[in-house]
Each structure stands twice: as structure tokens, then as C-alpha cells.
1. How many Å³ per residue does the convex hull of the Cα positions in the stretch 259-363 occupy?
2. What whole-number distance in Å separates the alpha-carbon centres of the stretch 238-282 and the stretch 108-176?
3. Can you work out the Karplus-derived ³J(HN,Hα) for every residue in the stretch 331-341? Use 6.51 cos²θ - 1.76 cosθ + 1.60 with θ = phi - 60°, whole Hz, and x for glycine or proline.
4. Per q in 0.10, 0.23 Å⁻¹, report the Debye log10 I(q)/I(0) for the stretch 208-324, using one uniform scatterer on each alpha carbon and no solvent.
5. Hey, got a sec? Which trypsin sites (Lys or Arg not before Pro) in the stretch 254-321 land in a DSSP loop and have at most 11 other Cβ atoms within 10 Å?
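Bear in mind that the values in this text are calculations on the coordinates, not laboratory data. The shown structure was predicted, so the numbers you read here are calculated from the model rather than taken from an experiment. FYI the Cβ positions are ideal-geometry reconstructions off the backbone, even for glycines, and counts take in every protein chain you see.
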Amino acid sequence: MRYGGIIFAAIGLTCWPQVVFGSVDISQLISAAKAGDTVLVPTGVYRGEIRIDKPLKLIGVGRPTLDGGGNGDIITITAPDVEIRGFRICGTGIDLDKENCAIRVNAARVTIVDNILDDVLFGIDLKESPDSVIRGNHIGGKVLDVARRGDGLRLWRADRTIVEDNEIHNGRDAILWYSTDVIVRNNKSHDGRYGFHLMFSNGVTIEKNDLFDNSVGVYLMYSSKLKLIGNRMLRNRGPSGYGLGLKETDDFLVQGNIFVGNCVGIYIDGSPFATPDSGRITENTISANDTGVEFLPAVKGNHLWSNSFVDNFEQIAILGRGELTGNEFDRDERGNFWSDYPGYDRDGDGVGEANYESRLLFENLTAREPSLRLFMFSPIHQAVEFIARAVPAVRPEPKFTDYYPLIEPPIEHGAELGSSTSLVMVALSAGLLSIATAVLGIVFFSPIRDAMRERRFIAVI
């Protein structure tokens, strides 16, 4: 029955067999509604696919369940100005070729708010759906191998969409394609492949999201005018294991983020790509990662300043041959904080008097032989660095120089770094264990001899 533009599910309505709860038929309610009406659906379980082809609001009262029964899609929206709110939506099909989806949208200005999606192949799929809002949804995938899962969230040509306050987990990716001026804010994305993955999407802001336990936290590709501000990328340790990946991306700001416990905190490949000197990385805490920031040798045009590099196994790495040139590690005579900086601040201006140069011998050796990380923080580690200081000829050339290293971290993140402390303690424990296995030192000293021979220096160890 209708009251003031609101359609109530009424007892006694004729049921369609594909969408049934008692005597309530959602498809019939939608058919009876006029453009702009609100359709209220009472609590219960409703099976089958629902199609919405007119502007209206479909509101669940008491969290009704829309169950696809393991077949096909569940909701398909082909009209603009539709709102879906307050449902549990579950049980899509598992056909990757058909991309079975919980909510499929092919229209503009759609609002999807406060829904629980679970046991779905693809979660929410927006295609040519600008000016939409995806807010406060919980999106969980099917129990499948990650290669067989669908994307929890996908935007394709969905300009100016707002994605905020959602939780996305156990899917494949949350992906933005060809979508400009999108805001991605206050979301959680975990236990997937890519927390958020952008391609050909300009003007996107990614702010205050938690991205953890994925293969990659955020990957930005072939895009420009991007802002990544105040996010937390934690324990992203899959085959790639990047907290943040940048590939052929221009005009980006990476500010105030926390990168802790990843294989690589930030990975930079061909970025900036076409806009010179447009990469800005500042005020981030990069801690307890295997590698803090990883560059490809040809990368140029990045400016890194006022960041805190704390207890990464390798602070800065260069993949492949070549030197890291054309990138700046300071701005306005302010560099970065390095936890392994041995210098001092004589005049009290917060900047060390000596340059910071990444030329640790042990770090250089672990880049060649990753298995040597077992000995991090152990007496063997300390002995190698003592040898490097005592015999300068065995020290590697510096990979880069920070001319204005900071004495104190510019930003304190406090409790957020608790996991960093835990990881360091694990590394310390491994170091103590290595004392009992010092007999394996021959595994370590052979690379030292190789390094000496490369420099035509002969010493007896």
C-alpha cells in the first residue's frame, strides 16, 4: 500500500515465485512504485534477482536478507537516482566469466549505504555511474583461492564518486578504472590482493584508510594528480608485498601515512612519468619494513623530506644496476629522520651536522643474499659494520645522500607503531638465536671476501 510516496509491503499481495517472503513480493513492490517513491521491505529472507529500472529508494527495515541462492546476480540497477539501504545481501553465483555480482549498477547518482554483503563473488560494481555514493557497507567475498575471487568494489567511469566508511575483505581487489575526482576515505580493506588499485584515474584522493594483510595496500598506475594522505598500510606481505606501489604516475602527494611491517613500504617504478619533479613524499612514518623505499634505477623527480625511516631492514633499496640520481632527500634544508644515523646536532637546529649516507656493508650484503637477514641485530651484524668502519676499502659506495638529516622524528605516531616495536623485537630475538648458530658464519664471510676482491683489496679474516 502507498502512503505519501512510501510503498509498504502489505499482507495479501500476490507473490512472484522468484522473490518470496510470506506474501511480500519485492519485484511487485518495485513495479507498483512511481519514480521517486520509497519502498520499505520488512525483515525476512527474499530469494532471486531484483531489477530496479526507475528512480526510487529501496530500504530494508530490520535488516532483511536478499539471498541469491548461489546463482547469478542479486540486484541490478539500470535507472539513475536509486538508493539501496539496510540489507544483508548474500549468495551470488561463482561464475567469473559472467562476473556474478551482489549489486550491479549501470546508471548515475546511485547511493548504496549500510548494507552487509557476504558470500559474494563481486561485491559492488559501478559502470558509467558518476556522482554515486558507496558508504558504510561491509563487503566480504567467498571462501575461494584469491585467483578465483571477484573484486569487492569496482568503479569504471564513475567520476566524482565517494567511497567512505566501508570494510572490504576476502575479495580480490578494490579497483578504480577511468574514474576521475573520486574520494576514497575512512575505509578498511584487508585479506585481499590489492587494498585499492587505481588505473587511468586522475584527481583521486585516498585519505585515512586502513589497508592491512593484503598482498599490496595501494597500487597507483598510469594516473596523475593523486593524493594519498593519512592512511595506514600495515603487514602487506604477499608476493609483491608493497604498502604503496607507484607505476608511471604523475603529480602525486604521499603525506602523513604510516607504512609498517610490509615487505616494501613504498615501491617506485617510472614515477613521476611525464611531469618532471612532481613526486612528493613527506611526513610519513616508514618503519619495520623489509625495505623502506624501493626505487628502480631510472626513477627521477621525487622529493622525500620530513619522513621518519625507523628500523627498516634496508632503508632505501635500488633494484638492478645503476645509481639513484635525480631524486632529492630534502627540502628547504630539512631532510628525513633515519634511525641508524650516527651523527649529532652541534648547533641545536634539529639537523645533523654530517650527511646521512646509505652505505652500510651488511645492508649491501643482504641485498645480494636476503637469507643473511637472519643475522640482523646480532653480534655478527655488528662485527661486519665494525670491519667496514675499520677498513674503508670494503665499504660500498653510497646509494644516496641526505644532506640535512633530522635528529628527531618530525612526527610521532605513538600507538600506531606498536606493531613496529613487535617486529623489531622479533628481529632482535633472531639476532640472539644467531649467537648459538655462529658456526654458520662461513655463509656470511664469503660475501665479504667477494666484496673485498671486487675492490682489489685483500685481507685475512
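1. 104 Å³
2. 24 Å
3. Karplus values, whole Hz, x for Gly and Pro: 8, 6, 6, 10, x, 10, 8, 10, 5, 9, 6.
4. The Cα Debye sum returns log10 ratios of -0.24, -1.40.
5. Those satisfying the criteria are Arg321.
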